[in-house]
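First comes the structure, then the notes that go with it.
Each reported figure results from applying straightforward, stated rules to the coordinates on display, with no laboratory input. Bear in mind the structure is a predicted one, so any value in this text is a computation, not a measurement. As a convention, Cβ positions derive from the backbone with ideal geometry for all residues, glycine included, and neighbour counts pool all protein chains shown.
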Amino acid sequence: MQEPVTVAVMPKALANPYFESCRQGAEEAAGLLNARLLWDGPKSSHLSSKQEGFVEGWISARVNAIAVSAEDALAISPSLRRAREAGVSVLAWDSDCAPDARSFFVMPATLEGIGKALVHAAGRILFGEGQVAVIAASASSQNQSVALKHIETNLAQDYPGVKLVATKFCDDDQETARLLAKDLLLRQPDVKVLLTTCAPAVPGAAQAVKEAGRRDVRVVGMSSPGTCREFIREGIVDSVVLWNTVDLGFLTVFAAHALATGALKQGDVCLRAGRLGTVVVQDDQVRLGRPYIFNASNMDTVKF
């Protein structure tokens, strides 16, 4: 009997509700594929330098495939290159690494689309005029850097009257985001919208707004509806932009398994991924789809 394919999947941080939701889909896919799933990584983004150690361990364990959400694209890429040299199939998901360190990137949604959705929400709240500040994850995270560039570009193109006055980094930590937002509200009293580009920053920033009693400030960001539900009900969080995180974990394991078994290869234009049907493969990207906008009208339609 043939041994099951071993797929090792690493989130940026284990202690993050966003990635816990992804894990549900990863486990579902592994069960359907009869694959062995290894889900491990740093406990928090403060320990992102530990990502390389997990990769080296998986190389020694001779896993079939590795999928990594890179906290620091430059730091993790040498280890991923060594994994490929050792015959391990490698892809990135959620946050990319260097292109030559993996075969494919499982993209949850285009960062251009996400940036446009966040900017559109801010422009609508401010009626096209006012100040915003951004709280992002980390300056070294590839997907965060690209998302920030799209936010800046879309603001300039679509809402020239909306000014970005500050960008802060919370290292994917909710309490750090709360403290940063608290400081921003004191130092930049004219800021009326806080844009956040990582899951823990939304409830962190919202808590700061609530504590400050700033009923004139709204939070918009990338996060799961579940972690922001009460703040959405209270009107502090206007909306959150995301994708189906369970589906992202599901697709990541399907793509990693397909890569390891030869069902996914360079030049393919699509991939059959179980209940997700046929997903688009464009160049070296396996695409989940468009972002969703969750607000008070639809936040209870999902559990994550």
| said: With equal scatterers on the alpha carbons only and no solvent term, can you work out the Debye log10 of I(q)/I(0) for segment 165-304 at 0.14, 0.21 1/Å? | reply: -0.71, -1.10
| query | Based solely on its DSSP helices, what 222 nm [θ] is calculated for the chain when runs of n ≥ 4 H residues each add -39,500 (n - 2.57) and the sum is averaged over all residues, nearest 500 deg cm²/dmol? | reply | -13500 deg cm²/dmol
| said: In 10 Å bins starting at zero, report the fraction of Cα pairs in segment 2-55 per bin as a rounded %. | reply: 25, 47, 24, 4
| message | Ratio of alpha-carbon Rg to the 2.2 N^0.38 Å globular estimate for the chain, to two decimals, please. | response | 1.00
| message | Which GluC sites (Glu not before Pro) in segment 121-185 sit in a loop by DSSP (not H, G, I, E or B) and have at most 16 other Cβ atoms within 10 Å of their own Cβ? | response | Glu129
| query | For the residue pair Lys163 and Ser60, what label-to-label distance in nm results when each label sits 7 Å from Cα along the Cα-to-beta-carbon direction? | reply | 5.5
| message | For Lys168, what residues show an amide H to amide H distance below 5 Å, using hydrogens built from the backbone and excluding near sequence neighbours? | response | Val134, Ile135, Ala136
| Using the Karplus equation 6.51 cos²θ - 1.76 cosθ + 1.60 (θ = phi - 60°), what ³J(HN,Hα) coupling, rounded to whole Hz, does each residue of segment 66-75 give in order, writing x for Gly and Pro? | 10, 10, 10, 8, 7, 6, 10, 4, 5, 5
| message | Quick check on segment 111-242: take the gyration tensor over C-alpha atoms, sort the square-rooted eigenvalues as a ≥ b ≥ c, and tell me if it's rounded (a/c under 1.5), prolate or oblate. | response | rounded
| Working out 0.36 nm times the residue gap between Thr301 and Asp100, then minus their Cα-Cα distance, what length gain in nm do you get to one decimal? | 68.4 nm
| task | Quick one: go through segment 227-257 and flag any residue whose amide nitrogen is under 15 Å from the point 7 Å out along the Cα-to-Cβ line of Arg290. | result | 241-244
| Sequence-distant residues sharing a close amide H with Val68 (under 5 Å, placed H) | Met10, Leu91, Ala92, Trp93
| task | Can you tell me the FRET efficiency between Ala156 and Asp183 if r is taken as the Cβ-Cβ distance and R0 is 25 Å, rounded to the nearest 0.05? | result | 0.45
| task | Tell me which residues come under 5 Å, amide H to amide H, from Tyr292 once H is placed; ignore anything under 5 positions away on its chain. | result | Leu242, Trp243
| message | For a quick check, take a GNM of the chain with Cα springs below 10 Å and name the residue from Arg272, Arg124, Arg81 with the largest mean-square fluctuation. | response | Arg124
| Once you have the alpha carbon radius of gyration of segment 1-121, what is it after dividing by 2.2 N^0.38 Å, with N set to its residue count? | 1.08
